[in-house]
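Everything below concerns the one structure shown next.
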Amino acid sequence: MYKEIVVDVGQEQTVVAVLEDGSLMEVYLEHEMNKRVLGNIYKGIVENVLPGMQAAFVDIGLERNAFLYVDEAINFPTSTDMSIRDVVKEGQELLVQVIKEPLGTKGARVTTKITLPGRFIVLMPTVDYVGVSRRIEDENERERLKELANEVKYDSMGVIVRTVAEGAGYAELKRDFDTLATLWQKISAVASETVAPQIVHKDLELVQRMVRDILTEDVNRMLINSREIRDRILEYVEIAQPEFKNKVFYQEGDFLEKYNINSQIRQALRRKVWLKNGAYIVIDQMEALTAIDVNTGKFVGKDNLKETVFETNLQAVTEIVRQLRLRNIGGIIVIDFIDMKESEHKQMVLAALEKELKKDRTKTSIMGITQLGLVEMTRKKTRQGLESILMSDCPYCDGKGKVLTDENIVLNIKRKIRECASRTIQSTIVVKVHPQIANFLEEDQEVIEKLENEINKKIIIKDEKSFHLEDVELITT
């Protein structure tokens, strides 16, 4: 697999795309109107304490108050259930970090358990703990890294060793820890002098985060179309990961078109996604749940139905995981694979799904297959999905994606005409409607004449190009 990171720096927007064999797998966008707050640290004020929800609303200076759950407000282990009232009080000042972006009408979700990510470790300055990424599966390596982490840490601060630290030595972890510990001292000093609500630390900009988090050993090259940004990246790489200097290149051009990124983003906003064999998947996103349906479509197979179904499901697995990463779908995910009779086929499809998900940096959990044959899984939701960044609800259908049929629109118009006729002494009713509905009415003059006789008034149909399909306006003359 040839993996590359493409950074397109424009005047209004920066796009970071992760390509695997030319296919867009992940995309990150940042512009002035869409500055992220995830990872930022704020000094906030507790506005409301809600015992019924075991949470509190915290004013951190954003448009909407942040949400703090009781578990995220406790910095020490406890075996007993504590009330949020025992943890925070209204008017109390807190240092909190955003762990989930504001989504829709919901404010940001925050925690008092501050984390500062580095290249090899994540520093937890308020919790005395040592952990190792679950993605490192070798037990001997896990134990080695845990021992190193205990050696480098001090002052009762916690450390989580990241996946990229596999094979790293004491020097790399020590350098990371010292850098992050110094950063924490600066944050603490700023916080002590800051009047709440106010930001006290902003997470790295998009490109810097991407270098820190996704420029790894399996990346073949990183291309940037800005010399200035390329030079800044090289400065960071020379300090943090000098072995990757030869992976960073400058290249002129519009990467969004050159690497077909815009086209692949547009496809990722569609409900139906075609597979190479002519089958397709349908993705329906809701606020907390995403349903994915697999269909054979144009694919009829070669020999028998079982193999056709199995082959379609296997091909769907790869595209489903790609779409989860590309669209950044989080929350509960239900996949309706085509029904498989063979238990061996079911296990092979599940195994293929688990294998593909290992490429995903975001935490996922497969719950298994339900009695109805549905695969249930979860994917951690931290930042906005691609759809919510690039799209908004349709102002005409309020996000339903459906409109009434012409026949039902006409039935509503007739009812409104009758109501209007019963309230007026005027002899004519002008009906202003969308051109499509006007044509529908004019093609059935018999119905109009019948209605005119019924209400004993003249009906004039007038089309209005600016009208929504369901709009109607009645004027009496």
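The values are calculated or read from the model by the stated rules, or taken from the named source; none is laboratory data. None of the values given here were measured: they were computed from a predicted structure. All Cβ positions, glycine included, derive from the backbone under ideal geometry; neighbour counts span all protein chains shown. Remember, those area values only see protein heavy atoms, side chains included, never the ligands or the DNA or RNA. Shrake-Rupley method; radii C 1.70, N 1.55, O 1.52, S 1.80 Å.
Assorted remarks:
- Options V273, V321: the member that is part of a helix (DSSP H, G or I) and either surrounded by 13 or more Cβ atoms within 10 Å (Cβ to Cβ) or out of contact with any Gly (no Cβ under 8 Å at 6 or more places or on another chain) (or both): V321
- Filter result for T362 (assigned to a helix (DSSP H, G or I) and crowded, with 16+ Cβ neighbours inside 10 Å): no
- Close pairs (6 angstrom Cβ cut-off, 6 or more residues apart or separate chains): within 19 Å of G61 (Cβ to Cβ) in segment 184-198, of a type outside the set (S, T, N, Q) and open to solvent by 90 Å² or more (accessible area, probe 1.4 Å) anywhere: A196/E93
- Of all residues in segment 407-424 being open to solvent by 80 Å² or more (accessible area, probe 1.4 Å) and not acidic (D, E), the one that is farthest from E442 (Cα to Cα): R423
- Residue count for segment 465-477 satisfying the condition of being out of contact with any Ser or Thr (no Cβ under 7 Å at 6 or more places or on another chain) and either surrounded by fewer than 12 Cβ atoms within 10 Å (Cβ to Cβ) or closer than 10 Å to V431 by Cβ (or both): 6.
- Remark: A288 falls outside the filter, which requires a residue to be over 30 Å from L103 (Cα atoms), under 27 Å from the mean Cα position of the chain (by Cα) and at pLDDT below 90.
- When segment 118-137 is filtered for residues that are open to solvent by 40 Å² or more (accessible area, probe 1.4 Å) and either part of a helix (DSSP H, G or I) or touching a residue at least 24 places away in the same chain (Cβ under 8 Å) (or both), the ones remaining, listed by number, are T126, D128, Y129, R135.
- Residue satisfying condition, being under 30 Å from I460 (Cβ atoms) and at pLDDT 90 or above, within set E376, E356, E407, E419: E419
- Those residues of segment 81-112 which are within 23 Å of the chain's Cα centre (by Cα) and either among the aliphatic types (A, V, I, L, M) or open to solvent by 50 Å² or more (accessible area, probe 1.4 Å) (or both), in sequence order: V96, V98, I99, K100, L103, G104, T105, K106, A108, R109, V110
- The residue list R64, R134, R142 contains one member that is closer than 20 Å to Q384 by Cβ and not hydrophobic (A, V, I, L, M, F, W, C), which is R64.
- Only residues that are in contact with a helix residue (DSSP H, G or I) (Cβ under 9 Å, 6 or more places away or on another chain), closer than 24 Å to S23 by Cβ and part of a helix (DSSP H, G or I) were counted across segment 230-266, and they come to 11.
- Selection within segment 231-270: residues that are more than 23 Å from the chain's Cα centre (by Cα) and hydroxyl-bearing (S, T, Y). The member of this set that is surrounded by the fewest Cβ atoms within 10 Å (Cβ to Cβ) is Y250.
- Condition met for L62 (among the aliphatic types (A, V, I, L, M) and surrounded by fewer than 19 Cβ atoms within 10 Å (Cβ to Cβ)): yes
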